[in-house]
Amino acid sequence: MRIGAHVSVAGGLDQAVGNAAAVGCEALQVFVSNARGWAPPPVDPAADERFRAGLAGAGLGPLFVHAPYLVNFASASPVTRERSSEAVAAALAKGAAIGAAGVVVHAGAALASGRAAGLASTREALLPLADASAALDGPDLVLELTAGTRGALAARFEDMAELLAACGNHPRLTVCMDTCHAQAAGYDLGDPAGAAKALDELFATLGDRVVLIHANDSRDPVGAGRDRHCPIGTGTIGDQGFTAILAHPGLATLPVITETTGDPAQMAADLTRLRRLRPLPRG
């Protein structure tokens, strides 16, 4: 298990290496373009190579790229779907250039079109992207389980299994489970027994498709359907919940990445707390 954080790239992508090392990351996640816009990431092969060398020199990895939040392949809007495909294609290309293991994309929501149409449009978008990344031996397309807000395509584990099946279980489509999202979607991670049960269900349903855990505490109670992160140990999951989550054998070899804050001091505190709560390595 390698623990890390989503770190800032302000001032250039190569700044992420120092930012990650400074807060005690072992793994990391970054944005490569505006998180709330459609503009593609800059093309700069020399900077990409410097970044890869910096990661290797610092012993950091795996690396994940998070796609912009606007991406929604289940949207009823053809314009949104087209822009989503372009944004994710650009993120995959950049991820390949910088050695990312995966590009994380929220599973999306079908608000106006309904679930069946949302699954169909998502399949139509995801399969060419996954094929293209596979052909270049690029990053996985990592679908993130969401918080269960209205129209969510994949907040529950069985819904994600249905989405993967709709995409023919393409080998380059993998899964990220976010602890805050799972708590919001009705999995009681604040109770140690509930956390163990939820993770048993996660791996029974999705198996080795799960390649990444986002570790975020939740401001809201279980089942609230609200995606509001807070620092580790300060929310409704708490230290007891995270102790049970990190102890689950399914997480033993997975990266665990926080998205709780942009403040380096709090980020470092979250990582220290997670390292304290994770099981000691077996001798």
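Structure notes:
- Here is the figure for the stretch 48-75: residues that are farther than 23 Å from V175 by Cα, open to solvent by 20 Å² or more (accessible area, probe 1.4 Å) and of a type outside the set (D, E) total 8.
- Number of the exception - G148 against (1) touching a helix residue (DSSP H, G or I) at 6+ places or on another chain (Cβ under 6 Å); (2) more than 28 Å from G225 (Cβ to Cβ); (3) open to solvent by 30 Å² or more (accessible area, probe 1.4 Å): (2)
- For D188, the requirement of being within 23 Å of T260 (Cβ to Cβ), among the charged types (D, E, K, R) and open to solvent by 40 Å² or more (accessible area, probe 1.4 Å) is met.
- Residues in the stretch 76-95 that are open to solvent by less than 30 Å² (accessible area, probe 1.4 Å) and either more than 15 Å from S133 (Cβ to Cβ) or small (G, A, S) (or both): S84, A87, A90, A91, G95.
- Conditions (1) on the phi < 0 side of the Ramachandran plot; (2) buried (at least 24 other Cβ atoms within 10 Å of the Cβ); (3) touching a Phe, Trp or Tyr at 6+ places or on another chain (Cβ under 6 Å): number failed by I98: (2)
- Matching residues in the stretch 220-233 - criterion: being of a type outside the set (G, A, S) and either buried (at least 17 other Cβ atoms within 10 Å of the Cβ) or part of a strand (DSSP E or B) (or both): D220, V222, D227, H229, C230, P231, I232
- In the stretch 244-265, residue farthest from the chain's Cα centre (by Cα) [restricted to those that are part of a helix (DSSP H, G or I) and crowded, with 18+ Cβ neighbours inside 10 Å]: A244
- Among residues of the stretch 101-121 being closer than 16 Å to L70 by Cα and within 18 Å of the chain's Cα centre (by Cα), the one that is surrounded by the fewest Cβ atoms within 10 Å (Cβ to Cβ) is A109.
- Residues located in the stretch 2-30, provided they are on the phi > 0 side of the Ramachandran plot and buried (at least 17 other Cβ atoms within 10 Å of the Cβ): G24
- Scanning the stretch 191-219 for residues that are open to solvent by 10 Å² or more (accessible area, probe 1.4 Å), of a type outside the set (A, V, I, L, M) and not in a helix (DSSP H, G or I) gives D191, R219.
- Looking across the stretch 122-145, the residues that are open to solvent by 10 Å² or more (accessible area, probe 1.4 Å), touching a helix residue (DSSP H, G or I) at 6+ places or on another chain (Cβ under 9 Å) and modelled with pLDDT of 95 or more come down to R123, E124, A125, P128, L129, D140.
The values are calculated or read from the model by the stated rules, or taken from the named source; none is laboratory data. Just so it is clear, the model here is predicted, and its values are computed rather than measured. Neighbour counts are summed over all protein chains in view; Cβ atoms, including those assigned to glycine, are modelled from backbone coordinates with ideal geometry. These area figures cover heavy atoms from the full protein model, side chains too; ligands, DNA and RNA do not enter into them. Shrake-Rupley method; radii C 1.70, N 1.55, O 1.52, S 1.80 Å.
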